[in-house]
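Heads up, the thing below is written out as structure tokens.
The values are calculated or read from the model by the stated rules, or taken from the named source; none is laboratory data. Note that this is a predicted model, so its numbers are computed, not measured. Neighbour counts are summed over all protein chains in view; Cβ atoms, including those assigned to glycine, are modelled from backbone coordinates with ideal geometry.
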Protein chains: 2
Amino acid sequence: MFRPILMLGLLAAFSLPANAENVTHFILPNGLEAIVIEDHRAPVVVQMVWYKAGSADEQRGKSGVAHFLEHLMFKGTDDLAPGELSKVVEANGGSDNAFTSYDYTAYYQRISADRLELVMRMEADRMRDLILSEDDWQTEREVIIEERNQRTDSDPAAIFGEQRRAAQYLNSPYGTPVIGWRHEMEQLTRDDALAWYRRYYAPNNAVLVVAGDVQPDQVKALAEQYYGPLAPTPDLGPRQRAQEPPQLAERRMTFADPRVAQPYVTRSYLAPERDPGDQAQAAALTVLAQVLGGNGATSVLGKALMFGTPKALYVGAGYDGMAIDDTTFNLFVVPAEGVSLQQAEDAMDATLAKFMDEGVDPAQFARIKTQITAGEIYALDQVQGLAQRYGEALASGLTVDDVKGWPDALRAVTEADVMTAAKDVFDRRRAVTGWLSQPAAVEVTQ
Amino acid sequence: MFRPILMLGLLAAFSLPANAENVTHFILPNGLEAIVIEDHRAPVVVQMVWYKAGSADEQRGKSGVAHFLEHLMFKGTDDLAPGELSKVVEANGGSDNAFTSYDYTAYYQRISADRLELVMRMEADRMRDLILSEDDWQTEREVIIEERNQRTDSDPAAIFGEQRRAAQYLNSPYGTPVIGWRHEMEQLTRDDALAWYRRYYAPNNAVLVVAGDVQPDQVKALAEQYYGPLAPTPDLGPRQRAQEPPQLAERRMTFADPRVAQPYVTRSYLAPERDPGDQAQAAALTVLAQVLGGNGATSVLGKALMFGTPKALYVGAGYDGMAIDDTTFNLFVVPAEGVSLQQAEDAMDATLAKFMDEGVDPAQFARIKTQITAGEIYALDQVQGLAQRYGEALASGLTVDDVKGWPDALRAVTEADVMTAAKDVFDRRRAVTGWLSQPAAVEVTQ
């Protein structure tokens with residue numbers, strides 16, 4: 001029931017399956033798309049079901065309903081009492097959870113491989129047969145509002161992130177927080193949740209990923225048995241989201257809050273996402289983020305700002321191309337003691353300007369390539385990470401080939417590609433620059 | 001077919017009917033609400049039909065459809081050939097037009113009073129019986145795109161206004177331009193237009209205003225004859241729009257364009273709108289705008305910035321409370337020769353701070369009260385302005401009593417009310433500050 005922090009995708013982008021032959025893909029007649037990833041080193045299995053429905057698919061004014069439904073999915077069905085699914089998983093030595101993002105909602109269990117049928121029966125059951133009592137939904141609405149209190153409203157950085165994001169997107173629903181705007185969450189109803197559930201929770205809108213100590217034939221047989229009989233949603237149509245108009249005017253935001261322990265400067269630029277069959281630019285931006293801010297101190301920003309008389313305590317760059325529509329490329333600088341936010345920003349911009357002028361350092365570029373290879377090896381041990389990667393990609397409109405081709409796309413990135421991508425994305429007209437501070441540092445009211 | 005500039009409402013807000021007895025209000029059984037304003041000084045009549053459907057009622061992703069339909073309403077019906085309505089009005093010595101805004105779309109004719117039946121028959125005809133040929137809608141879509149070219153894309157101030165507005169509203173559809181985002185206008189279809197038409201163009205979603213040399217009984221009889229038989233839209237429900245979340249982070253925007261002839265600074269603060277039965281705060285903000293920026297040079301900003309060694313060529317303040325949801329209070333300063341945008345903004349802020357400290361000048365406040373009275377007298381000659389005011393108010397959720405009570409609400413505003421309203425609205429966390437300039441003055445790309 002947690003929301004993933006998008007920048008975590010950065011690391012995952014550098015780990016990848018060494019053995020693509022272990023991945024099997026099939027589609028059931030009712031539209032359910034399935035991926036099986038074999039990994040026989042340990043007798044465990046991960047089942048994930050990804051629904052192609054995230055907060056960016058919500059109607060304007062109904063923000064939070066995707067995440068609300070995620071919570072409600074742990075209530076009962078015709079065959080399961082409220083909370084029974086998680087209890088059964090736990091009683092069988094497994095764990096389960098779920099998460100909601102802009103483009104998808106996903107559910108998973110990790111359990112002993114011989115219990116796959118058990119979790120598949122339960123997951124299939126709640127795909128179409130959820131039952132929501134009056135008490136269930138009202139209580140759970142309080143829970144998600146409390147989650148918002150804890151995750152967002154009690155955290156100035158989270159509040160500021162939400163406000164910046166709303167200013168970053170002029171039209172796209174990506175400007176609306178996944179958790180929802182509080183005043184809209186408070187108005188969500190059982191009918192809202194059920195309408196969402198009935199439309200989007202269906203085999204033809206879902207991706208099943210089973211990874212671990214399993215055989216593809218066995219998984220397919222079980223999927224046919226449990227998911228096969230479920231009815232698809234008719235006339236679902238393609239996913240259509242409002243797109244950004246040209247962003248033509250640079251934006252700046254300041255947010256001052258007494259709870260801020262550490263002021264910082266952020267800059268986010270609108271940036272293209274990975275597209276099916278067209279991942280080269282996203283790969284270049286992924287490498288660019290590593291070059292500029294990856295591993296902190298050894299990056300371009302780190303070397304310029306964290307040594308000598310340091311301007312920054314920490315620097316970072318992030319890009320996650322896994323999105324259906326335009327995403328962002330992010331930079332941040334945490335100023336060192338005695339350095340103002342203006343000085344930190346100026347130093348960041350001077351470093352960027354120098355980088356644009358001088359280009360990529362070949363030695364650093366070679367190191368990053370090595371890191372990518374290391375990431376691949378590391379990924380072999382991460383069966384759940386692989387499951388996550390396939391599920392997320394397929395739920396975000398990419399294909400199995402795109403996932404398989406991503407390592408090659410990353411390897412193919414040249415220094416020139418990185419500089420071209422940087423030139424394209426570093427357009428201040430499409431950027432939001434943010435200053436987070438304590439009230440003393442910035443005057444916020446007239 | 002023009003969009004009204006919202007700030008024009010400012011002047012209108014100070015003119016009002018001296019003789020409220022001349023206003024008659026009735027509702028037909030099919031839901032059509034009607035206002036008759038008698039004015040027998042000239043043998044003319046104005047008929048307006050206001051639909052409670054504006055761009056803020058559009059689905060996200062379908063921006064521009066309200067305005068598109070406005071254009072298409074001049075095509076044919078079962079009884080009228082394309083363009084015939086306007087031709088008949090003109091042949092009878094009249095004129096007609098239409099306009100679309102965030103909260104409504106309106107159509108009007110001004111014609112000799114003895115031709116009221118003629119224009120009412122035609123207006124009622126197109127309320128339900130519009131016919132759109134394939135050729136009609138495709139051609140008209142080109143027309144609205146060209147209108148966007150001329151009104152917005154060829155005008156840096158208009159582009160910047162659009163971008164600022166999108167950043168001002170984090171969630172409300174008021175952040176979407178009335179004309180539409182170009183990429184969405186290009187995708188509008190006949191089906192989109194007809195779905196909009198069928199839902200919103202109905203007697204139970206319309207306000208008829210007839211003003212001029214007419215008798216209420218005569219108007220009512222004609223309305224019953226022509227509008228009375230039209231079928232209402234069933235299950236229309238209340239208008240529901242996404243509301244703003246708390247705005248917590250100050251925003252700044254810069255836009256540089258070589259076509260900018262005159263740089264300026266703007267500041268817009270989110271501000272409450274006029275609400276039914278609750279207009280006192282809006283009245284105070286209306287007076288505040290006059291105090292700060294009305295009549296340019298004699299206002300608080302004008303006196304401070306346009307004299308001595310002038311900092312500004314021109315200053316202004318604007319507020320129009322006629323809206324369904326939160327609106328904005330706007331300030332702008334056009335710097336004098338040799339004065340930078342930063343200096344102009346600093347001077348504006350210093351003036352505001354001084355004003356907040358010292359309060360309203362009693363002599364100036366008395367002058368503004370006199371202007372309000374003068375505005376009332378002027379309004380007596382403006383039958384079309386009165387029709388506009390009633391139609392706009394009723395289409396925006398206000399009542400006849402609200403319109404009649406507005407002059408009193410303005411008169412009742414005290415100096416203390418103005419200062420309280422100023423304290424409430426001047427919160428930089430809810431503000432967007434904009435700099436429009438030529439590229440030389442501001443660096444916009446990295």
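At-a-glance table
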| read-out | value |
| --- | --- |
| Residue within the stretch A:361-375 that is of a type in the set (Gly, Ala, Ser), closer than 30 Å to residue A:37 by Cβ and part of a helix (DSSP H, G or I) present | yes |
| Condition check for residue B:176: within 14 Å of another protein chain (Cβ to nearest Cβ) and either over 24 Å from the mean Cα position of the chain (by Cα) or not aromatic (Phe, Trp, Tyr) (or both) | yes |
| Where residue A:156 falls short, out of the listed (1) within 11 Å of another protein chain (Cβ to nearest Cβ); (2) under 24 Å from residue B:163 (Cα atoms); (3) in contact (Cβ under 8 Å) with a residue 40 or more places away in the chain | (2) |
| Filter pass, residue B:135 being at pLDDT below 95, within 21 Å of the chain's Cα centre (by Cα), among the acidic types (Asp, Glu) and more than 22 Å from residue B:325 (Cα to Cα) | no |
| Hey, residue B:222 of a type in the set (A, V, I, L, M), in contact with a helix residue (DSSP H, G or I) (Cβ under 8 Å, 6 or more places away or on another chain) and farther than 30 Å from residue B:163 by Cβ or not | yes |
| All strands (runs of 3 or more DSSP E) inside the stretch A:20-136 with 1 or more residues being of a type in the set (Phe, Trp, Tyr) and under 30 Å from residue A:242 (Cβ atoms) | A:44-51, A:95-100, A:105-112 |
| Test for residue A:102: is it touching a strand residue (DSSP E or B) at 6+ places or on another chain (Cβ under 6 Å), more than 14 Å from chain B (Cβ to nearest Cβ) and not hydrophobic (A, V, I, L, M, F, W, C) | no |
| Unmet requirement for residue A:349, which otherwise passes all of (1) at pLDDT 95 or above; (2) away from chain B (no Cβ under 14 Å) | (2) |
| Residue match in the stretch B:357-368 (condition: within 13 Å of another protein chain (Cβ to nearest Cβ), within 26 Å of residue B:272 (Cβ to Cβ), at pLDDT 95 or above and within 29 Å of the chain's Cα centre (by Cα)) | no |
| Odd one out for residue B:195, checked against (1) of a type outside the set (Lys, Arg); (2) outside any loop (DSSP other than H, G, I, E, B); (3) within 14 Å of chain A (Cβ to nearest Cβ) | (3) |
| Any hit, the stretch B:335-344, residues being closer than 18 Å to residue B:289 by Cα and either assigned to a helix (DSSP H, G or I) or in contact (Cβ under 8 Å) with a residue 60 or more places away in the chain (or both) | no |
| Boolean, residue A:427 is surrounded by fewer than 20 Cβ atoms within 10 Å (Cβ to Cβ) and either within 14 Å of chain B (Cβ to nearest Cβ) or more than 30 Å from residue A:109 (Cβ to Cβ) (or both) | yes |
| Flag for residue B:165 being charged (D, E, K, R), under 22 Å from residue B:264 (Cβ atoms) and more than 14 Å from every other protein chain (Cβ to nearest Cβ) | no |
| Answer residue from the stretch B:430-445, given it is more than 9 Å from chain A (Cβ to nearest Cβ) and at pLDDT below 90 and is surrounded by the most Cβ atoms within 10 Å (Cβ to Cβ) among those | B:441 |
